[in-house]
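Engineer: Quick one: this structure, given as structure tokens, is what I'll be asking you about.
The values are calculated or read from the model by the stated rules, or taken from the named source; none is laboratory data. On a predicted model such as this, the values are computed, not experimentally measured, just so you know. A quick note on method: Cβ atoms are made from the backbone with ideal geometry, for glycine too, and the neighbour counts reach across all protein chains shown. Keep in mind that these areas ignore ligands, DNA and RNA; they rest on the heavy atoms of the full protein, side chains included. Shrake-Rupley method; radii C 1.70, N 1.55, O 1.52, S 1.80 Å.
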Amino acid sequence: IEHIKLFRLCISQAPSDEDIEFAKEFKKTVLKEFRSFVSPEGEVDFFKHPKLKALYKEQLELESSIRSTLGGLKNEDQFQKALQFSGHDVINDKYVLPIKSDSFSSNLGHIVARSESGRTLYVEPIKVRELNRKRFETVLKIDSIIHQISRDFSQRLSPWGRQIDEYARLALSFDDIWVRSKFSEELGLTRPKLLSGSEFKLEGVFHPLIENAVRNNMRLHNDKRGVLISGPNTGGKTASIKA
């Protein structure tokens with residue numbers, strides 16, 4: 001509600017009864033549950049969602065087990081000699097080891113991908129194949145639940161589509177005003193007074209995107225038709241015109 005009041009203030013309108021009703025219903029039916037696992041900064045914590053907690057824990061445990069198994073394989077003679085480098089990779093949702101193409105044999109595992117040069121084969125070791133499969137199934141379950149959650153929130157938001165579009169517009173307008181104000185405050189800018197005649201007077205004018213720009217005073221009297229700016233290259237002519 002406070003955000004709506006602030007947004008409305010930007011366009012000099014008081015929040016309506018509809019605004020207040022929307023804010024209350026939105027907080028009760030959508031925001032409260034959403035904030036239980038998504039922070040205002042957009043960080044998602046799957047452990048805080050009842051439908052995702054167990055699956056996400058299972059995924060992390062499987063990944064830990066896969067990395068541990070890969071670490072053990074790297075110490076085996078057949079892999080030590082065949083490895084292109086010591087790390088592992090994840091390709092097509094499968095944990096793989098980089099094997100030299102001229103050192104590959106089928107007992108090392110299944111080829112998942114090849115490097116552009118063909119010198120490196122990304123191989124899924126036999127000992128992690130089942131773990132990779134279980135992890136992939138878990139990831140699919142998580143994605144399915146996230147899709148269901150997203151669809152559920154979309155259905156709840158649907159009746160408020162017009163209001164949400166309006167508040168999104170207000171939020172963007174407010175953000176635009178705030179950024180302009182902050183920018184003006186930091187650079188000590190002032191709002192110009194526009195005159196109807198052809199005269200102008202600028203004091204301390206500078207290009208706001210140039211760091212440590214030189215400030216200049218410019219004046220054109222109403223009995224003149226132009227100003228001539230001269231000087232050497234990089235002397236500030238273009239910067240003055242843009243300013």
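Engineer: Could I have the simple spin-label model distance between residue 205 and residue 134, label points 7 Å from Cα toward Cβ, reported in nm to one decimal?
Structural biologist: That separation, rounded to one decimal, is 7.2 nm.
Engineer: If you line up the long axis of helix 161-187 against the longest principal axis of the chain, both from Cα atoms, how many degrees apart are they, to the nearest 10?
Structural biologist: 60
Engineer: In Å², what does the accessible area per residue of the chain work out to with a 1.4 Å probe?
Structural biologist: Numbers: 17410 Å² over 243 residues.
The answer is 72 Å² per residue.
Engineer: So what is the 222 nm mean residue ellipticity for the chain from helices alone, if each DSSP H run of at least 4 adds -39500 (n - 2.57) and you divide by all residues, rounding to the nearest 500 deg cm²/dmol?
Structural biologist: Working: 7 runs with 112 residues, N = 243.
For the chain, the value works out to -15500 deg cm²/dmol.
Engineer: Further question: May I ask for the angle, rounded to the nearest 10°, between helix 126-157 and the longest principal axis of the chain, with both axes built from Cα atoms and the value confined to 0 to 90°?
Structural biologist: Taking the Cα atoms of the chain, the angle to 126-157 is about 40 degrees.
Engineer: Would you grab the residues whose amide H sits under 5 Å from the one on residue 113? Only those 5+ places off in sequence or on another chain, please, with H modelled 1.01 Å from N.
Structural biologist: 122
Engineer: Enter the angle in degrees (range 0 to 90, nearest 10) between the Cα long axis of helix 17-26 and the first principal axis of the Cα atoms of the chain, meaning the one along which they spread out most.
Structural biologist: 20
Engineer: Could I ask something else about it? Would you mind working out the magnitude of the charge dipole of region 32-130 relative to its Cα centre, with +1 at each Lys and Arg C-beta and -1 at each Asp and Glu C-beta, to the nearest 20 Debye? Before the final figure, lay out the partial values.
Structural biologist: Numbers: 15 positive and 15 negative charges, 19 e Å.
So the dipole magnitude of region 32-130 works out to roughly 100 debye.
Engineer: Now a separate question. Past 23 Å, Cα to Cα, is the threshold; run 100/127; 24/141; 27/182; 94/127; 201/237 against it and keep the listed order. Display every interim value, and only then the final one.
Structural biologist: Numbers: 100/127 19 Å; 24/141 33 Å; 27/182 30 Å; 94/127 13 Å; 201/237 18 Å.
As for pairs spanning more than 23 Å Cα to Cα, those are 24/141; 27/182.
Engineer: I need the phi-derived Karplus couplings for region 225-230: 6.51 cos²θ - 1.76 cosθ + 1.60, θ = phi - 60°, integer Hz, Gly and Pro marked x.
Structural biologist: Taking θ as phi minus 60°, the curve returns 10, x, 10, 9, 10, 10 Hz for region 225-230.
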